[in-house]
Amino acid sequence: MALKDLSFLIAIRFLKSKKTGFLSFVTALSYTCVALGVAVLIVVTSVMNGFERELKNRILGVIPHSLILNETSISNYEELITDLEKDSNILKASPFIQTQGIVSANNQSRGVNLSAIDVLTEKEMTIIPAYMSVGSVENLLEPNTVIIGSWLAMYLGVYPGDEIILTTPDIKSTIFGSLPKSFKLKIVGIYELKSELDQSLILTSHSFGQKLKGLTDSTQSIRLKTKDILLAEEYTREALFNLDIDLENYAFSTWKKTYGTLFQAIKLEKFLIGLLLSLIIVVASILLLSTVVMTVKSKEREVGILKTIGFNNNDIIKIFFYQGMIISIIGIFFGLILGFLITLNLGILIDIIETLISRSLLDSYFINYFPYEIRLNQIISISAAALSASTLFVFLAAKRITQLNPVEILRHE
């Protein structure tokens with residue numbers, strides 16, 4: 001049998017405890033630490049991926065990618081929309097009016113953001129039509145109607161068919177003086193995104209928005225849906241330059257103005273948490289180093305015998321290197337399984353934890369559940385990092401064997 005194969009068999013033999021015939025406590029602890037380090041990294045990175053995805057889909061999929069604005073209002077918006085949609089980077093454009101106000105019903109009031117949309121093109125602009133729990137966006141074609149979020153409907157205690165009162169900062173003059181504008185709006189639909197938008201965003205038709213703002217044949221802004229939301233600023237600027245308009249009277253605003261910091265915070269948090277949790281793998285690798293060193297110390301007699309029968313230093317190093325790598329690979333394997341199991345059952349685990357502590361863990365987050373997204377490239381990176389760290393520390397520990405003198409070892413036996 002080749003020494004290479006024999007070194008591997010001896011490494012497996014050294015993994016077993018003399019007393020129990022099974023894994024020693026320290027060896028089992030090494031397996032466990034490596035597995036936990038890999039599992040924790042998989043769970044955390046998958047959850048952070050999920051938050052990043054939900055941020056992009058549930059929030060950035062609703063708010064305008066960018067808005068083209070005028071100093072006063074845009075009168076020739078239909079012509080501009082036609083020209084804008086000729087740009088390959090602009091997927092869709094539509095008139096858009098937004099304002100803030102207060103909605104009231106059943107002695108309850110809540111501040112909201114009102115978006116007056118082009119009903120017929122909304123399916124191509126946002127994801128809201130796909131998340132309607134009651135009614136449809138087309139119902140807004142009826143005059144003086146509104147669609148609200150599920151959380152807001154529950155807070156106000158209203159249902160489709162009920163009326164709410166919308167009060168806006170816009171002023172109307174009456175014989176009694178200047179008063180805020182108020183309207184009675186009929187609820188014709190309820191959407192549920194499971195995000196903070198359910199609490200604050202209400203939708204109405206563009207024609208009602210024109211009525212609200214006193215715009216007859218004009219609009220407040222033009223909403224754009226770009227080919228890549230991350231490049232919305234560049235695409236919008238390029239599209240504006242291609243229009244036959246006086247650019248001095250126009251400006252634009254993108255989603256980054258309102259939600260850009262949140263998106264960047266998620267990315268930075270994911271990077272920092274991943275970096276910090278990587279220390280778990282380093283600690284596990286150090287424990288692996290200790291395991292190999294302890295094995296070298298406890299097997300000095302056997303090492304002395306092996307050297308006297310023809311094993312050189314490289315052959316001995318291979319024995320303990322193989323031993324450490326076996327522990328590392330098995331630990332990574334079980335870490336992957338544990339990480340996948342925890343991630344895939346995260347919702348159940350969170351429900352159990354929330355029940356035990358009697359509180360929600362996501363009160364301050366923009367969604368009310370733990371999303372996850374397992375990415376193959378990250379799994380490969382985590383496994384490679386764990387294996388690389390283990391290889392380095394195991395090799396350093398195995399090299400300690402070259403310091404042993406077989407004559408001195410056997411003399412004391």
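Each reported figure results from applying straightforward, stated rules to the coordinates on display, with no laboratory input. Because the structure is a prediction, the values reported are computed rather than measured. Cβ placement follows ideal geometry from the backbone for every residue including glycine, while neighbour counts extend to all protein chains displayed.
Below is a table of values for the structure above.
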read-out: Neighbourhood charge, 15 Å Cβ-Cβ cut-off, centred on LEU346 and excluding it, Lys, Arg +1 and Asp, Glu -1; value: -3
read-out: Distance (nanometres) between label positions extended 7 Å along Cα→Cβ at TYR259 and LEU243; value: 2.3 nm
read-out: Charge sum, other residues only, whose C-beta stays under 15 Å from LYS123's C-beta, Lys/Arg counted +1 and Asp/Glu -1; value: -1
read-out: Dipole in debye (nearest 20) - the chain, about Cα centre, beta carbon charges: Lys, Arg +1; Asp, Glu -1; value: 2540 debye
read-out: Protection proxy ranking, peptides 379-386, 71-78, 60-67, average beta carbon neighbours within 10 Å, highest first; value: 60-67, 379-386, 71-78
read-out: Relative contact order (%) - criterion: Cα under 8 Å, at least six apart; region: the range 17-123; value: 13 percent
read-out: Directionally averaged shadow of the chain, computed from the convex hull of its alpha-carbon atoms, nm²; value: 29.9 nm²
read-out: Helical segments meeting 27 Å axial Cα length and Kyte-Doolittle 0.5 threshold in the chain (DSSP H); value: 25-54, 256-298, 313-344, 376-398
read-out: Selected from THR82, THR27, THR355 as most flexible by GNM, with the chain as the system and alpha-carbon contacts under 10 Å; value: THR355
read-out: Shape call, the range 109-227: gyration tensor on alpha carbons, a/c limit 1.5; value: oblate
read-out: Highest average packing first - 319-329, 219-229, 388-398, Cβ atoms within 10 Å; value: 319-329, 219-229, 388-398
read-out: Debye intensity ratio I(q)/I(0), log10, the range 116-168, q values 0.14, 0.22, 0.24 Å⁻¹ (C-alpha model); value: -0.39, -0.95, -1.09
read-out: Cα-Cα over 18 Å, subset of LYS194/LYS225; LYS123/LYS257; LYS56/LYS194; LYS194/LYS257; LYS123/LYS184; LYS213/LYS256; value: LYS194/LYS225; LYS123/LYS257; LYS194/LYS257; LYS123/LYS184; LYS213/LYS256
read-out: Where the Cα pairs of the range 178-267 fall when distances are cut into 5 Å bins, in %; value: 2, 9, 14, 16, 19, 17, 12, 9, 2, 0
read-out: Label-point gap, in nm, between LEU231 and THR72 - each point 7 angstrom along Cα→Cβ; value: 3.7 nm
read-out: Relative contact order (%) - the chain, alpha-carbon pairs under 8 angstrom, separation at least six; value: 29 percent
